[in-house]
Amino acid sequence: MLDPTTLPAFLAELPELVENAGGELATAGEALLTAAGEDLQKCLPAPPTGGGTQTPPPTPPTTTPHPQPVQPAAVHYENCDDARAKGAAPVHAGHPGYGAHLDSDSDGIGCEVDTVAYTHPTYDSTGTLAYTGVATEPLVAWGAALLAAGAWLIASARRTA
């Protein structure tokens with residue numbers, strides 16, 4: 001795994017490396033390598049500050065419950081099996097026999113056939129970013145290798161000139 005603490009030291013040595021190479025090629029190479037080093041530095045994670053704060057997880061949106069109409073006591077179903085046995089399922093809000101105990105998702109329709117229970121998502125409170133499927137370590141390693149190769153090419157080109 002690439003150690004992000006070695007990159008700043010490498011970048012600090014680049015001007016001396018390029019200065020020893022000298023010439024027009026060294027000037028162009030220095031600008032290119034400095035820009036590449038700055039871009040590569042942006043890819044590295046920030047070092048921990050040791051006592052920072054974490055952003056609290058977002059609160060799930062609140063939903064307004066549907067008002068439940070008062071039902072006459074003449075029709076009552078103990079549960080959805082009872083309502084289905086009596087041929088009354090699905091039971092809609094406002095119709096005789098409807099009750100909140102029959103409506104698992106609070107949408108105004110009790111004893112639905114295709115009811116899918118909704119659960120609120122859980123949030124990771126560790127303060128780490130989610131895995132997105134892209135590993136950045138190889139990209140940073142390749143970038144550092146390209147920087148080193150560029151510095152070597154500039155230095156060797158100057159020595160031969």
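Structural remarks
- Long-range amide H partners of Gly97 with built H, under 5 Å: Val75
- Which of Val91, Val75, Val113 has the fewest Cβ neighbours within 10 Å, and the rest in rising order: Val113, Val75, Val91
- Scoring 92-99, 5-12, 34-41 by mean Cβ neighbours within 10 Å over their residues and listing the highest first yields 92-99, 34-41, 5-12.
- Extension gain (nm, one decimal) between Trp152 and Glu112, 0.36 nm per residue minus Cα-Cα: 7.3 nm
Rule-based calculations on the coordinates, nothing more; no lab input. Since this is a predicted model, take the numbers as computed values, not measurements. A quick note on method: Cβ atoms are made from the backbone with ideal geometry, for glycine too, and the neighbour counts reach across all protein chains shown.
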